Amino acid sequence: MVEGSGAYGKGLARFLQRAGETVFELERPRRRGAGGRLKSDPLDALRAARALLAGEQLARPRAGGEREALRCLLRSRESAVEARRRALNQLRALIVVCPEPLRGELRQLSRARLLARCRAFRSLSGQDVELAGTRLAMRLLARRVALLAEEERALRREIDLLVERVAPGLIAQPGVGPISAAEILVCWSHAGRLRSEAAFARLAGAAPIPASSGQVVRQRLDRGGDRRLNRALHQIVVCRRRHHRQTIAYVERRLAEGKSSREATRCLKRYVARSLFRLLEAMPAPA
């Protein structure tokens, strides 16, 4: 058993797997009873050995190769998108406080025209120091936005190609785009890692939790799990509710039964988690 097999323990896990050893992912040991507050490496190792001997369900480390490549691409794209959003917000904030008449000129422009105009700014002799500093900051921010947009497009193209090669059947499903498919593949990892579709739904935060009270019988969604995977399922459901005929008919039937829109979405996310897990488990293993 290796703790942190996806981070600091990844090198050790790979070495053991290449040597033919069976490796399990060790979560934080449960510290119970009178010794629950005691912490040391020997005690944690003893607790881990007891968990293994007791037959507790232990997870396998996530696969490397194409899955790890997708994870790196997704995280890089995510940071590029977030940095681009921050740069755009900074540019808009500068427009609010910049001197006239520059403020009046820029505030009416669309995003594309605004970025083109700011990238074209040049330093002029005799300019007011405040105006010169503002124009320089706007020009650099506009260039940063353009560079990050190009970086995001390059990463997305690579993700598209990799997903198409690894799981063409997944992106053929209604509402499943390349980014959502990549997030699902990264979390699922490989066949046999998760013991059932219910475990996959719990990992995705799509497993219903009883929340009944009195004569009201209802369930709510789990707020835990992998929130990136949950977001991918939510995007698939939103797309299907808009464009997928069978999903639209299902939602209308649920609403006619008295369920709310959120409850219908909860049922859909559980159904999507079940169907996608079965599809993933049936995919042929990579060569």
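The values are calculated or read from the model by the stated rules, or taken from the named source; none is laboratory data. Values in this document were obtained by computation on a predicted structure and should not be read as measured data. When we count neighbours, we look across all protein chains shown, and the Cβ atoms used for this are built from the backbone with ideal geometry, even at glycine.
Scanning the range 142-155 for residues that are of a type outside the set (A, V, I, L, M, F, W, C), surrounded by fewer than 17 Cβ atoms within 10 Å (Cβ to Cβ) and under 22 Å from C72 (Cβ atoms) yields E150, R153.
Out of L276, L229, L255, report the one residue that is free of Cβ contacts under 8 Å to residues at least 60 places away in the same chain, within 30 Å of A63 (Cα to Cα) and among the aliphatic types (A, V, I, L, M). Spell out how you get there, then give the answer.
On the way: L276 fails: free of Cβ contacts under 8 Å to residues at least 60 places away in the same chain; L255 fails: within 30 Å of A63 (Cα to Cα).
Result of the check over L276, L229, L255: L229.
Just to be sure, is R139 free of Cβ contacts under 8 Å to residues at least 24 places away in the same chain and surrounded by 14 or more Cβ atoms within 10 Å (Cβ to Cβ)?
Working: free of Cβ contacts under 8 Å to residues at least 24 places away in the same chain: yes; surrounded by 14 or more Cβ atoms within 10 Å (Cβ to Cβ): yes.
Considered against the rule, which asks whether it is free of Cβ contacts under 8 Å to residues at least 24 places away in the same chain and surrounded by 14 or more Cβ atoms within 10 Å (Cβ to Cβ), R139 comes out as yes.
For E257, the conditions (1) touching a Leu at 6+ places or on another chain (Cβ under 9 Å); (2) farther than 17 Å from S180 by Cα are fulfilled apart from (1).
Filtered by the rule that a residue be more than 15 Å from L280 (Cα to Cα), in contact with a strand residue (DSSP E or B) (Cβ under 9 Å, 6 or more places away or on another chain) and of a type outside the set (V, I, T), the range 174-222 gives G205, A206, A207, P208, P210, A211, S212, R218, Q219, R220, L221, D222. Could you go through the range 157-167 and let me know if any residue there is out of contact with any Leu (no Cβ under 9 Å at 6 or more places or on another chain), under 30 Å from R117 (Cα atoms) and surrounded by fewer than 16 Cβ atoms within 10 Å (Cβ to Cβ). Yes, the range 157-167 has at least one match. For the condition among the hydrophobic types (A, V, I, L, M, F, W, C) and surrounded by fewer than 18 Cβ atoms within 10 Å (Cβ to Cβ), A87 does not qualify. Going residue by residue through the range 29-38, is there one that turns out to be under 29 Å from the mean Cα position of the chain (by Cα) and either at pLDDT below 70 or not assigned by TED's automatic domain parsing to the domain that holds E158 (or both)? Yes, the range 29-38 contains at least one residue that is under 29 Å from the mean Cα position of the chain (by Cα) and either at pLDDT below 70 or not assigned by TED's automatic domain parsing to the domain that holds E158 (or both).
Listed by first and then second residue, the pairs with beta-carbon distance under 7 Å, at least 6 apart or on different chains, first residue in the range 143-167 and farther than 14 Å from V186 by Cα, second in a helix (DSSP H, G or I) and among the hydroxyl-bearing types (S, T, Y), are L155/S76.
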